[in-house]
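The values are calculated or read from the model by the stated rules, or taken from the named source; none is laboratory data. Owing to the predicted nature of the structure, the values given are computational and were not obtained by experimental measurement. Note: ideal-geometry Cβ built from the backbone for every residue, glycine included; neighbour counts use all protein chains shown. Surface areas here come from the heavy atoms of the whole protein model, side chains and all, with no ligands, DNA or RNA. Shrake-Rupley method; radii C 1.70, N 1.55, O 1.52, S 1.80 Å.
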Amino acid sequence: MVKKSKLRYFVRAATIASLYFVITFFTKPLSFGAIQVRIAESLTVLPYIFPEAIWGLTIGCFLANIFSPFGPIDMILGTFLTFIAALLTMEIGKHSKSKYLAPIPPIIFNAFGVAFYIIALSGLSGKIGFEAFKYVFVNFKLVPYFLGVLTIGLGEAFSTYGLGLPILSALQRRVKTNEI
Amino acid sequence: MKKGSILGQYQPTNSLVHQLDSRLKITLIFYIVIILFFVRDFNGYLILLLFAFILVLLSRVSLISSFSAFRPILFLLLFTIFFQMFFTPGEVVFKLYFIKISKEGLTLSLYIALRLILLSTFTFILTSTTSTVEIAEGFQMLISPLKFLKFPSDDIALMISISLQFVPILFEEADRIMKAQVSRGAEFNKGNPIRRARSFLPLLLPLLLSSFDRADQLANAMEARGFVVGAKRTSYKERRFRKLDYYFTFIFISVSIVALSVGRFI
């Protein structure tokens with residue numbers, strides 16, 4: 001395979017970012033239901049074979065989160081979680097672990113992380129600094145948290161295992177034959 | 001498919017709020033969201049709510065659309081209110097068999113509701129008065145000082161602008177592939193969640209492959225024209241702060257200070 005130049009790397013990352021963004025909006029009216037299946041999240045398996053997908057997913061997630069009702073919070077925290085999960089997925093791929101492990105980081109980080117900041121932030125009261133921080137932990141409600149973890153995690157699992165893995169297998173075949 | 005309706009809530013009315021510098025708008029919205037979590041008094045929230053309402057009126061976007069901004073958080077809103085209301089211990093004001101509503105629970109859930117509504121309203125003001133491209137550009141400029149911390153902000157800025165270029169192209173492509181697959185009998189959004197997710201494979205895989213092709217073409221074209229990664233770039237439009245931007249900053253900060261001091265000093 002020809003060694004990819006830096007520019008090629010960036011352009012491909014940018015395409016993955018816009019794919020994430022476009023798919024998020026394209027499937028928006030289709031992905032309603034008790035358990036939301038975010039089709040775009042199936043792309044989170046990509047860093048397993050393409051390291052440039054880390055930047056792609058991070059930027060794509062950022063662009064899509066501009067429209068989140070949580071706006072700035074999702075833009076920073078949600079994007080950061082995506083970045084870390086993508087890094088781990090890449091590591092899994094690098095050490096050529098089973099591809100069935102690839103969707104684990106995005107599922108874990110999104111389920112536990114996103115549910116955490118949503119519940120924690122909505123429970124914050126008008127306290128300042130350290131006191132507010134302590135308050136979040138003291139008054140942390142476990143029941144809604146785990147409900148959040150469950151719904152987000154399930155939706156994530158459906159899209160990554162249901163759709164992400166078939167995509168990954170299909171792409172792997174083409175990578176082997178140098179098609180992409 | 002109408003592109004305008006999908007691409008967020010941007011409504012081009014060219015009002016005063018629209019004309020503000022996008023960097024400033026992003027910073028101010030971030031600032032007000034942080035402030036939101038430090039307001040101590042109910043009246044403070046009312047001040048912010050009034051302020052948000054005035055901003056929505058000033059930006060001349062449709063009022064109905066600003067209410068639709070709550071729709072995605074409605075479930076979360078009801079859910080947290082429900083939990084705070086019934087499971088917060090304190091002075092009982094309402095009792096029906098085993099259901100107890102405490103005074104503390106009521107006030108807490110009111111605060112949470114107000115805060116979530118304010119959060120989504122301010123975000124709505126940002127996204128309805130600033131196009132995605134402007135927001136992304138604003139961010140590129142905001143992160144550029146991070147260069148000194150070895151943060152690859154130039155590279156990220158490059159990737160953001162390339163991906164924004166790709167968005168309309170890929171939208172069309174996705175639409176085309178979807179129609180082609182539907183005409184062959186593909187069904188989206190049917191069956192159980194796994195089935196539903198899987199049904200997108202005939203859309204996603206061709207889309208991925210064709211977009212990788214496009215990426216290679218673009219990279220070839222850029223290389224052929226002598227694009228160098230990391231070279232200093234100039235831009236067609238230079239942005240400068242205007243008087244209007246300074247006025248708004250002043251108003252924003254004073255309102256936030258008033259909202260913060262209610263219940264503390266006043």
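Worth a mention:
- Conditions (1) β-branched (Val, Ile, Thr); (2) in contact with a Leu (Cβ under 9 Å, 6 or more places away or on another chain); (3) under 19 Å from B:ILE160 (Cα atoms): number failed by A:ILE76: (2)
- Qualifying residue in the stretch A:123-140 (condition: within 26 Å of B:PHE38 (Cα to Cα), within 14 Å of chain B (Cβ to nearest Cβ), open to solvent by 20 Å² or more (accessible area, probe 1.4 Å) and modelled with pLDDT of 70 or more): no
- Long-range neighbours under 6 Å by Cβ, at least six apart or interchain, first residue of a type in the set (Lys, Arg) within the stretch A:141-159, second assigned to a helix (DSSP H, G or I): A:LYS141/B:PHE83
- Among the criteria (1) crowded, with 18+ Cβ neighbours inside 10 Å; (2) at pLDDT below 90; (3) more than 11 Å from chain B (Cβ to nearest Cβ), the one A:ILE73 does not fulfil is (3).
- Of the listed requirements (1) within 8 Å of another protein chain (Cβ to nearest Cβ); (2) crowded, with 16+ Cβ neighbours inside 10 Å, B:ILE194 misses just one: (2).
- Taken across the stretch B:87-98, residues that are open to solvent by less than 70 Å² (accessible area, probe 1.4 Å) and touching a strand residue (DSSP E or B) at 6+ places or on another chain (Cβ under 7 Å) do occur, with at least one present.
- Candidate set: the stretch B:158-174, residues that are small (Gly, Ala, Ser) and facing chain A (nearest Cβ under 7 Å); chosen: the one farthest from the chain's Cα centre (by Cα): B:ALA174
- Residue match in the stretch B:48-61 (condition: hydrophobic (A, V, I, L, M, F, W, C), outside any loop (DSSP other than H, G, I, E, B) and under 15 Å from the mean Cα position of the chain (by Cα)): no
- Residue in the stretch A:37-51 that is modelled with pLDDT under 85, over 11 Å from the mean Cα position of the chain (by Cα) and on the phi < 0 side of the Ramachandran plot present: yes
- Residue within the stretch B:37-44 that is within 22 Å of B:TYR247 (Cβ to Cβ) and among the hydrophobic types (A, V, I, L, M, F, W, C) present: no
- Selected residue (only one of B:VAL262, B:VAL258 is touching a helix residue (DSSP H, G or I) at 6+ places or on another chain (Cβ under 9 Å), modelled with pLDDT of 90 or more, within 25 Å of B:TYR31 (Cα to Cα) and surrounded by 14 or more Cβ atoms within 10 Å (Cβ to Cβ)): B:VAL258
- If the condition is being surrounded by 11 or more Cβ atoms within 10 Å (Cβ to Cβ) and not basic (Lys, Arg), then the stretch B:232-247 contributes B:PHE241, B:LEU244, B:ASP245, B:TYR246, B:TYR247.
- Just so you know, in the stretch B:65-75 the residues that are open to solvent by 30 Å² or more (accessible area, probe 1.4 Å) and in a helix (DSSP H, G or I) include one that is nearest to the other protein chains (Cβ to nearest Cβ), and it is B:PRO72.
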